[in-house]
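Here is the structure we will look at.
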Amino acid sequence: MKITYETPPRRIALSDIREGEFISQSVRFKQEDLDNFGKTSGDVASIHFDSVFGRTKGFDGVVVHGLLVTSKFSRLLGMYLPGENSIVQSINFNFKNPIYLHNTLLYEVSVNRIIPTVNAVLLDLKVSVEGTIFVQGKAQCVCIADRAIETE
């Protein structure tokens, strides 16, 4: 399933998720994204804002923050697969290549395994550019039941 910014969220039950199911989304970061992330995180290291500095360190220019890149998985996991009836229990990433502003990234989330006894979904995560993997990871999400909000 190809996700866009217009795709409505999915609120599905664990029993509706299948091993091998996957979603994907293409993303391209802009300078404004780096500026906002730098302000929010406080990470204003030169490698993320100064292309001359980046080139002197052996890169092709400004390198997009790794955590900015992986932050897109929050939306994909929390709204689409496994969706709004889940929370992330654990997540890890391996960064294989630097990502630059000119890169168009393909995000992929696929269901590796479902563990019904603990309502868990194990997912494989990948960010690639033209078939080359830049980030690889794994997540475990727990599917939760809808809960009514109690008011006093």
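The values are calculated or read from the model by the stated rules, or taken from the named source; none is laboratory data. Computed from a prediction, not measured in an experiment: that's the story for all the values here. Positions of Cβ are backbone-derived with ideal geometry, glycine not excepted, and every protein chain shown enters the neighbour counts.
Residues checked against (1) polar (S, T, N, Q); (2) assigned to a loop (DSSP other than H, G, I, E, B); (3) more than 14 Å from the chain's Cα centre (by Cα):
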| site | (1), (2), (3) |
| --- | --- |
| 52 | no, no, yes |
| 55 | no, no, yes |
| 59 | no, yes, yes |
| 74 | yes, no, no |
| 92 | yes, no, no |
| 107 | no, no, no |
| 117 | yes, no, yes |
| 122 | no, no, yes |
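Residues of region 56-74 being over 20 Å from residue 123 (Cβ atoms) and either surrounded by fewer than 18 Cβ atoms within 10 Å (Cβ to Cβ) or among the polar types (S, T, N, Q) (or both), which ones?
Those that are over 20 Å from residue 123 (Cβ atoms) and either surrounded by fewer than 18 Cβ atoms within 10 Å (Cβ to Cβ) or among the polar types (S, T, N, Q) (or both): 56, 57, 58, 59, 60, 61.
Mind listing just one residue for me: the one in region 76-88 that is outside any loop (DSSP other than H, G, I, E, B) and in contact with a helix residue (DSSP H, G or I) (Cβ under 9 Å, 6 or more places away or on another chain) and, of those, surrounded by the most Cβ atoms within 10 Å (Cβ to Cβ)?
86
Taking the condition buried (at least 16 other Cβ atoms within 10 Å of the Cβ), out of contact with any Asp or Glu (no Cβ under 9 Å at 6 or more places or on another chain) and either of a type in the set (Lys, Arg) or modelled with pLDDT under 95 (or both), does residue 91 pass?
Spelling it out, it is not the case that residue 91 is buried (at least 16 other Cβ atoms within 10 Å of the Cβ), out of contact with any Asp or Glu (no Cβ under 9 Å at 6 or more places or on another chain) and either of a type in the set (Lys, Arg) or modelled with pLDDT under 95 (or both).
Among the numbered criteria (1) under 16 Å from residue 19 (Cβ atoms); (2) modelled with pLDDT of 95 or more; (3) surrounded by 15 or more Cβ atoms within 10 Å (Cβ to Cβ), which single criterion is violated by residue 143?
(2)
Return yes or no: is residue 29 buried (at least 16 other Cβ atoms within 10 Å of the Cβ), in a helix (DSSP H, G or I) and on the phi < 0 side of the Ramachandran plot?
Against the criterion (buried (at least 16 other Cβ atoms within 10 Å of the Cβ), in a helix (DSSP H, G or I) and on the phi < 0 side of the Ramachandran plot), residue 29 does not qualify.
Would you mind stating whether residue 51 is surrounded by fewer than 18 Cβ atoms within 10 Å (Cβ to Cβ), free of Cβ contacts under 8 Å to residues at least 24 places away in the same chain and within 25 Å of residue 5 (Cα to Cα)?
no
Residue-wise test of (1) in contact (Cβ under 8 Å) with a residue 24 or more places away in the chain; (2) of a type outside the set (D, E, K, R); (3) under 30 Å from residue 15 (Cβ atoms).
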{"position": "55", "(1), (2), (3)": "no, no, no"}
{"position": "58", "(1), (2), (3)": "no, yes, no"}
{"position": "84", "(1), (2), (3)": "yes, no, yes"}
{"position": "88", "(1), (2), (3)": "yes, yes, yes"}
{"position": "95", "(1), (2), (3)": "yes, yes, no"}
{"position": "106", "(1), (2), (3)": "yes, yes, yes"}
{"position": "115", "(1), (2), (3)": "no, yes, yes"}
{"position": "127", "(1), (2), (3)": "yes, yes, yes"}
